[in-house]
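The values are calculated or read from the model by the stated rules, or taken from the named source; none is laboratory data. Note that the structure is predicted; figures quoted are calculated from it, not measured. Counting neighbours? That spans all protein chains shown, and the Cβs are built from the backbone with ideal geometry, glycine included. Side chains included, ligands, DNA and RNA excluded: accessible areas come from the protein's heavy atoms. Shrake-Rupley method; radii C 1.70, N 1.55, O 1.52, S 1.80 Å.
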Amino acid sequence: MLSWIQKFVNRFVAPAVLSLTAVAASAEVTPFKLALAEAASDDAAIAEFYRTRGFEPIFTGSGDLERRAALLEALESVERHGLPLERYDSRRLMAAFEQVQTPSDRGRAEFLAAQMFVRFARDLQSGILEPRKVDAGIVREINRPVPHDLLTDLAAGEAKSFFREIAPQTPEYARLMKEKLRLERVVLRGGWGSKVEAKALEPGDSGEFVVQLRDRLVALGYLRRSASTLYDGEIQRAVRQFQTDHGLETDGVAGQTTITMLNVSAQTRLQQVVVAMERERWTNFERGDRHVLVNITDYTAAIIDDGKVTYRTRSVVGANDSDRRTPEFSDVMEHLVVNPTWNVPYSIATKEYLPKLQRNPHAVSHLRVIDRRGRVVNRSSVNFAQYSRRNFPFSIKQPPGARNALGLVKFMFPNKYNIYLHDTPAKDLFSRETRAYSHGCIRLNDPFDFAYALLAKQSDDPVGLFKSKLNSGRESRINLEQHVPVHLIYRTAVAPAKGRVNYRRDVYGRDARIFEALSRAGVALPVAGS
């Protein structure tokens with residue numbers, strides 16, 4: 001008999017590293033355990049969990065009714081989270097439970113339940129997509145939960161509480177879910193009604209187009225119902241609030257950009273929220289009591305302390321070019337460099353400056369050409385025409401100074417993408433509504449105040465400390481005694497604690513690609529209205 005079992009295990013269970021000895025040592029070998037071991041043979045993680053507990057069930061035992069019911073209820077609710085219903089197939093699992101007639105049937109149902117649970121729990125905690133496969137600029141590392149740990153925690157805890165807590169527990173996620181449900185109701189009612197057909201409207205205007213504007217603002221919740229046909233003060237205030245919530249210039253004038261944003265459909269906003277929920281799952285980790293948050297689409301950088309914004313400034317982010325877009329990732333800020341030298345990245349040196357040097361070796365005179373020994377090159381002695389982007393042997397540097405491309409301070413969170421926050425002499429860009437102009441790094445409108453806010457945690461005189469370094473004119477470094485996590489995110493739907501959900505434009509088209517990927521994975525939304 002043992003010889004036969006050994007052959008069976010070698011054939012069906014060995015791929016999952018489950019030995020007959022492990023099965024036999026943990027408890028009596030039964031048809032249930034053999035069926036469970038066979039079913040789990042292609043899933044090493046689940047097989048390992050059951051091996052460590054002697055192949056005892058957690059879903060199909062006589063005392064597992066509550067856990068079984070909680071799992072089925074959770075799988076029925078996946079669409080509330082913007083997850084694809086068919087990916088977990090609760091009907092198939094229910095049928096497997098109902099059709100159990102033998103111990104072997106029960107073993108196979110046990111494995112199917114474990115498999116469905118692990119897939120659902122991992123997806124809900126860390127997302128269903130692999131970000132890098134959707135867009136090369138999303139280089140974020142995803143913390144996937146370990147199947148063994150998920151199953152162990154479920155087996156040890158109270159089932160209903162476990163399933164309530166498995167989704168991201170951030171207030172942002174809860175608010176996004178609430179907005180999703182609201183928008184679904186709007187879409188099913190047909191959307192927000194007629195669009196505004198005017199190209200532009202301003203206070204004092206009247207007539208049919210103003211009525212369209214009024215009705216759209218009413219439908220969006222920015223204005224009380226009214227019979228007015230005049231672009232009056234109430235409409236102007238409503239337009240201003242709408243502009244604030246959508247990252248637009250808050251002038252109260254319904255220009256072309258404002259009208260375009262007003263006309264975005266409820267279906268599109270719903271898609272943005274579903275994408276934001278997936279993104280929130282990707283960042284389902286402790287961000288730090290103090291951290292820096294850069295939202296690329298919002299063109300802002302903020303310091304967050306204990307969940308509250310303590311400092312915020314405008315930013316400029318990477319231009320929408322294939323080699324200039326700001327990537328998404330998290331790292332840790334370690335120090336500031338005051339009066340920095342700009343070490344021009346090789347790609348910029350060869351793509352932008354080499355052609356200029358080939359035309360005129362004395363061009364871009366504010367930059368220094370450095371040889372491999374670190375010596376400044378006499379440009380007159382170099383024939384730059386002999387070099388290309390592949391064999392350029394020099395580096396290019398810009399010494400500290402007011403004209404330095406990095407300005408007077410940079411904030412370092414060392415990373416392989418060579419991305420950091422910094423000052424800039426190009427201050428005029430901060431007055432623009434859209435600010436995607438850099439080579440990928442994040443430029444700050446108020447870098448000195450940003451530095452003071454960071455240093456206030458370690459100095460009684462952060463301004464004096466910073467200025468003592470600045471006034472020296474020399475490149476110098478200020479270490480942060482408490483390193484600060486930095487999170488570069490890309491969120492076109494943000495749900496603040498107060499007020500309406502804020503929406504931004506998809507500057508790089510990343511959210512569109514994410515939603516396409518979610519749709520391919522089976523995420524389905526109500527039929528679109530306007």
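Taking amide hydrogens as placed 1.01 Å from N in the peptide plane, the amide H of Met333 sits under 5 Å from those of Val484, Val486, each at least 5 positions away in sequence or on another chain. Could you compute the FRET efficiency for Ala227 and Arg432, with r as their C-beta to C-beta distance and R0 at 60 Å, rounded to 0.05? About 0.95, to the nearest 0.05. Modelled label positions at Ser476 and Ser161, each set 7 Å beyond Cα in the direction of Cβ, lie 5.5 nm from each other.
Surface composition of the chain: carbon plus sulfur atoms hold 48% of the accessible area, using a 1.4 angstrom probe and ignoring ligands, DNA and RNA. Computed from the C-beta positions of Asp323 and Val463 and an R0 of 35 Å, the FRET efficiency is 0.40 to the nearest 0.05. Label-to-label distance for Val382 and Arg290 is 4.2 nm, based on points extended 7 Å past Cα in the beta-carbon direction. Of the labelled figures [x] 50, 36, 21; [y] 45, 26, 21; [z] 58, 34, 25, only one reflects semi-axes √(5λ) of the Cα gyration tensor in Å as derived from the coordinates, namely [x].
Distance between the 7 Å Cα→Cβ label points at Met94 and Thr244: 4.7 nm.
Across q = 0.20 Å⁻¹, region 211-284 modelled as identical point scatterers on its alpha-carbon atoms has Debye log10 I(q)/I(0) values of -0.85, in the order of the q list.
Quote the FRET efficiency, to the nearest 0.05, computed for Leu188 versus Asn360 with a Förster distance R0 of 56 Å and r equal to the Cβ-Cβ distance. The pair Leu188/Asn360 has a calculated efficiency of 0.30. Summed over qualifying helices (DSSP H, 4 residues or more, each -39500 (n - 2.57)) and divided by its residue number, the chain shows a 222 nm mean residue ellipticity of -11500 deg cm²/dmol. Computed over neighbours whose Cβ is under 9 Å from that of Pro393, the net charge equals 0, Lys and Arg +1, Asp and Glu -1. Taken per residue, the accessible surface of region 71-174 reaches 48 Å², heavy atoms only and a 1.4 Å probe.
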